[in-house]
Amino acid sequence: MTTDLKRLIRTIPDHPKAGIMFRDVTTLFGDAQGFKALIAQLTEPYRTAPIDAIAGIEARGFIMGGAMADKLGCGFIPIRKKGKLPWKVYAQEYQLEYGTDTVEMHQDALDRGRRILIVDDLIATGGTAEAAAKLILRAGGEIVGACFIIDLPELGGTKLLQQQGIAVRSLMQFEGH
Ligand code: AMP
């Protein structure tokens, strides 16, 4: 079943720059059966887990996270790029290959002790997911885990999160960057 989902992901070599194999999940999202199977597989491990909300990372994490929240009967919290959220935010900067980026979350998005599952399409270096985790912890949330469609294990993101005690699940892996 996982193999079928993998076949629905389009790989675009050298995008957005030379050497990167861009794993494009829009082809998977656009396939009715594929999308249904994707959401079923992502939510399955958490069906009995105590989750108050999913924190989805902009933008593909919104698409998966919204559907997952509906299926799990929990809330949804957007983790957005800098300057997009309208209310008071916590901001967290993180390192890119060249330079930095910032993600933000509303300060009142979650109450202390709320149990949160982080969701994004892909984990590479783990910098984005780690920044999301820091925002949740700063607001007093507890992290139940982090889940992704794709892991690029050579980039070490899964290990980085695991070292911080975060349980990570991915449906599939791809070699390289
Ligand atoms: P990172 O912070 O290094 O773990 O990068 C993860 C974020 O960058 C995710 O939001 C991904 O959507 C995006 N990303 C990184 N590498 C790729 C890739 N090879 N293909 C598609 N998206 C990627």
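The values are calculated or read from the model by the stated rules, or taken from the named source; none is laboratory data. Keep in mind that this is a model prediction, so the values were computed, not measured. All Cβ positions, even for glycine, are placed from backbone atoms using ideal geometry, and neighbour counts span all protein chains on display. Heavy atoms of the whole protein, side chains included, go into the accessibility calculation; ligands, DNA and RNA do not. Shrake-Rupley method; radii C 1.70, N 1.55, O 1.52, S 1.80 Å.
Considering only the range 94-120, how many residues are within 12 Å of the ligand (Cβ to nearest atom) and either surrounded by fewer than 21 Cβ atoms within 10 Å (Cβ to Cβ) or among the aromatic types (Phe, Trp, Tyr) (or both)?
6
Would you check if residue 142 is farther than 30 Å from residue 7 by Cβ, of a type outside the set (S, T, N, Q) and within 13 Å of the ligand (Cβ to nearest atom)?
No.
Matching residues to (1) in contact (Cβ under 8 Å) with a residue 60 or more places away in the chain; (2) in contact with a strand residue (DSSP E or B) (Cβ under 9 Å, 6 or more places away or on another chain):
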| position | (1), (2) |
| --- | --- |
| 76 | no, yes |
| 83 | no, yes |
| 111 | no, no |
| 119 | yes, yes |
| 155 | no, yes |
| 171 | yes, yes |
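When both residues are 6+ apart or on different chains and their Cβ atoms are under 8 Å apart, which pairs have a first residue that lies in the range 2-21 and is closer than 25 Å to residue 169 by Cα, and a second that is β-branched (Val, Ile, Thr) and part of a loop (DSSP other than H, G, I, E, B)?
So the pair list comes out as 9/25.
Tell me which residues, restricted to the range 145-160, are near the ligand (Cβ under 10 Å from one of its atoms), surrounded by 22 or more Cβ atoms within 10 Å (Cβ to Cβ) and among the hydrophobic types (A, V, I, L, M, F, W, C).
Matches in the range 145-160: 148, 149, 152.
Of all residues in the range 121-139, which are more than 9 Å from the ligand (Cβ to nearest atom), open to solvent by 40 Å² or more (accessible area, probe 1.4 Å) and either more than 19 Å from residue 158 (Cβ to Cβ) or in contact (Cβ under 8 Å) with a residue 40 or more places away in the chain (or both)?
134, 138
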